[in-house]
1. Enumerate the helices (runs of 4 or more DSSP H) found wholly within the range B:192-288, keeping only those where 1 or more residues are within 14 Å of another protein chain (Cβ to nearest Cβ), without any contact (Cβ under 8 Å) to a residue 24 or more places away in the chain and of a type outside the set (Val, Ile, Thr).
2. On the basis of being at negative phi, crowded, with 17+ Cβ neighbours inside 10 Å and within 14 Å of chain A (Cβ to nearest Cβ), does B:Thr180 make the cut?
3. Those residues that are under 20 Å from B:Tyr262 (Cβ atoms) and surrounded by 14 or more Cβ atoms within 10 Å (Cβ to Cβ), I need them from the range B:50-73; list them, please.
4. What do you reckon, is A:Gly447 in a helix (DSSP H, G or I), surrounded by 16 or more Cβ atoms within 10 Å (Cβ to Cβ) and without any contact (Cβ under 8 Å) to a residue 60 or more places away in the chain?
5. Is it the case that A:Pro529 is on the phi < 0 side of the Ramachandran plot, free of Cβ contacts under 8 Å to residues at least 24 places away in the same chain and surrounded by 18 or more Cβ atoms within 10 Å (Cβ to Cβ)?
6. Only residues that are among the polar types (S, T, N, Q) and outside any strand (DSSP E or B): list them for the range A:466-523, please.
7. Filter the range A:78-109 for residues that are β-branched (Val, Ile, Thr) and surrounded by 13 or more Cβ atoms within 10 Å (Cβ to Cβ); which is farthest from A:Arg215 (Cα to Cα)?
8. Residues in the range A:13-47 that are under 21 Å from A:Arg216 (Cα atoms) and part of a strand (DSSP E or B): how many?
Amino acid sequence: MSSIPTSAEAMGAAHEAPALLALHALSVHFAGVPVVDAVSLAVRAGECLGVVGESGAGKSLTFLAALGLAPSAAAVSGRARFGATELIGCTERALDALRGRHIGLVFQDPMGALTPHLRIGAQLTEPILRHTGCSRRAARARALELLEQVRLAAPARCLQQYPHELSGGMRQRVLLAIALSCDPQLLILDEPTTALDVTIQAQILALLAHIKRERRLGLVLVTHDFAALAGLADRVAVMRAGRVIETGSAAQVFHAPRERYTRELLQAAREPAVPGGAPAARGAGAPVLAVEDLTVRYRQRGARRRRGEIVALQAVTVAIAPGESLAVVGESGCGKSTLTRAALRLVGAAHGRIAWLGREVGAWPERRLRALRRDLQLIFQDPLSSLDPRLSVERLVGEPLEIHHGELDAQARATRVAAMLERVGLDPALATRRPHELSGGQCQRVGIARAMILAPRLLVCDEPLSALDVRAQRQIGALLEALRREQGMSVLWVSHDLGAVRRGCERVLVLYQGAMAELAPSEALFSRPLHPYTRALLAAVPVADPDVQPGRLAQVRLTDGEPPPAGGCAFRTRCPQATARCTEQRPPWIEAGAGRWVACHHFERGADGMLRG
Amino acid sequence: MLGYALRRIAGIVPVLLILLTVSFFVIRLAPGGPFAAARALSARTRAELRQRYGLDRPLAVQYAAYLRALAHGDLGRSYSLRDEPVAGLIGAGLPVSAELGAAALALGALSGIALGMAAVLRRGGVIDRALAPLAAVTLALPSFVIGPLLALIVGVWLRWLPVAGWQPDTPRDLVLPAITLALPLIASIARLTRASLLEVLNASYIRTARARGLGRARVLWRHALRPALVPVVSYLGPAATYLVTGSLVVESVFELPGTGRYLVMGAIDRDYTLVMGMVLVYGTLTLLANLGADLLHAWLDPRVRHEAP
């Protein structure tokens, strides 16, 4: 395997080649308002152009407009040349001959980007049949080959499946395969990893690096996150409010950015989302939330053969002390959300002991729980859909007071709501707005205000940052950390990204497939991760440095292991250190030092009581 | 898919049984009886009649006898229509009604979907702009107004089609009644199709399909149409119910010898056996239509198929 060309080599090669796609003063107006404003960019064969900017910067729309895919209300002007063809004003038929054939596109949101009623095979062979005119058999063979190239575990079975049967990472690989199906000269990827877990993100990025190397095609990578570009982009363009504000080689933009805004974006990508700080004054007394042997099983519905039980959570024991911050980390489907929902008695199928504020509440009826719920509040991943669209910001934030503080009159409520809005950094003028009129970051602030207005003892944050832009992530992360210290409350963070919680949390619990893999004080976990899964999670966190990131990507294993059959260690199919014992026995949950626990056969206590790793 | 269909068909039987049981008792609990409204009958004649039809026995015994006869395929004899077997009446009338209903359903679904698609393909065109007002008018006018209006224009003035009446094996006789019955369906389905297709065309997977260079026609037919038809198919169940009630009026407006009139007649005359026969027929048809809609839905969307209990 050849080594990854450095940015300088790629630049050298790229300069000789003519531009594949050249945008010249491309503008897009909606009802007279410019959303993309005179953008000029060029991509050459064998070169990767990274386009960075926050949502609303017009970066996606620029490329959609160039390819005739902008919404019909958009007025597109300027020029966009692909080879010798002028794309703006070109007929739909001529564009169709290029799209999918010479230009492959992959959009954000792999969950919605595949047609739900067509099998993967049909969707993958469709562009091959249309553009190359080969036989169905040849198209199918080509489809299989493509799925192997994007490292899908079982390509033949995948062809027969429907999109809803695949995970987000698998769907993104399929979309990549579709985009590559006719050997395009140019591949445009719009936020290809944004909706994915960090481990899957690392795999997709590594795959892109591999494809770029093997195929020598032009690559456009549109993203809000500098970290996703590092190691892939040869040149970087930064967009803000519809304009390109800075362009340069990757080395130049990463190491010596000219614009302040670029520096802000870079800094946001380099710092953990949740800032560190002195731990809050640790209150005495019973844990605010404690679960013991918490197990959640779902009965699987479906055709007879597939019916069975899914263990979503397996004997989890953990407690959060007053004032403590605990992070629960793992990939999607690891049970982290199930854990918080079961611990807050929001799912019924839980077994085990649950204690809130020192009281055993596992068997309490919902009516009795209600008064205690005031002290345990939640904020959610999707800020917009977790707010009632018909209520104003003021009503949304005041609603918990109506429920739990009936003694307050409207005047007193309004005063508290106004104070809370100010505290979370929302302009009081927004009080009359409805959620859809707010930005993602503003919606999340409303969610936080709604939870904090009751001054809870515990705030459960279920991926509150993953739907936000990098800068908004840092702002919201800082706000939550400040609130935690002021109020002395406990925080339970749920995240798929270990990097995000690096400094903000005192302890970290790593879950894998519903079971505890490792529990440790944050510092210890980051400096010496014990479980191979924790190490994999850490390795997957992208680093916004073009000198470091290529080496990290080169080490990513490109295939997912199939989920293993029951029994033994759940991680064994992905574990580089797996032995026969890992297949036979489930690893015990053992203490591995002061306050740290791990479930791995590679650590065990010897006869002398010392830990061997 | 086959197992799902079989399970759903088996599920129809208990529903039908509940429907028949409730109808059996409710119609008998309603005031009046089969021979109460008829000309002045002597008390003795009335008692004899009641005895002859078994109406003097306890309700539970009548119910058991009804079920036993039903199990043998015997629907009993009408009280009011000269002792005609109910099965025979249905056998004579149902083909006419079924033909009318099927024609109206096919016409409504096909032209409704076509109109909805046409409106979307030419946004702001004539069809798109005319659709909403025309649909409102069609839905607001009752079929006993539309029917005679059509008969007047097409039958009397233009003399293209017969005004009313029915002869065996003359499909021409069914054209006007079928159009009358289908018009509100066309209106509803066209509007449903338009709204749903507009939404689907904004979906992320449509953009992906276009990005593959598949061409507008293929994107529309292969990627957009099936998901867009889901709400239309969900409407087919209620549409079948509408066809049953709508056919009562349309059959009488166009003097068709269908079964619709028996439902009205049976209910007014308290002709218990006739009513029960009609409940059985229309109940089965409605349930089958709803089942058909669900199966179509499962065909349109693989996720439904996989989640099916």
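1. Where helices (runs of 4 or more DSSP H) fall fully within the range B:192-288 and carry at least 1 residues being within 14 Å of another protein chain (Cβ to nearest Cβ), without any contact (Cβ under 8 Å) to a residue 24 or more places away in the chain and of a type outside the set (Val, Ile, Thr), they are B:204-211.
2. Considered against the rule, which asks whether it is at negative phi, crowded, with 17+ Cβ neighbours inside 10 Å and within 14 Å of chain A (Cβ to nearest Cβ), B:Thr180 comes out as no.
3. B:Tyr53, B:Leu55, B:Tyr66, B:Leu70 - these are the residues of the range B:50-73 that are under 20 Å from B:Tyr262 (Cβ atoms) and surrounded by 14 or more Cβ atoms within 10 Å (Cβ to Cβ).
4. So A:Gly447 fails the test.
5. Yes.
6. A:Ser466, A:Gln473, A:Gln475, A:Gln487, A:Gln513, A:Ser522
7. A:Ile88
8. Residues flagged as under 21 Å from A:Arg216 (Cα atoms) and part of a strand (DSSP E or B) within the range A:13-47 amount to 9.
The values are calculated or read from the model by the stated rules, or taken from the named source; none is laboratory data. None of the values given here were measured: they were computed from a predicted structure. Heads up, the Cβs are rebuilt from the backbone with ideal geometry, glycines too, and the neighbour counts pull from every protein chain shown.
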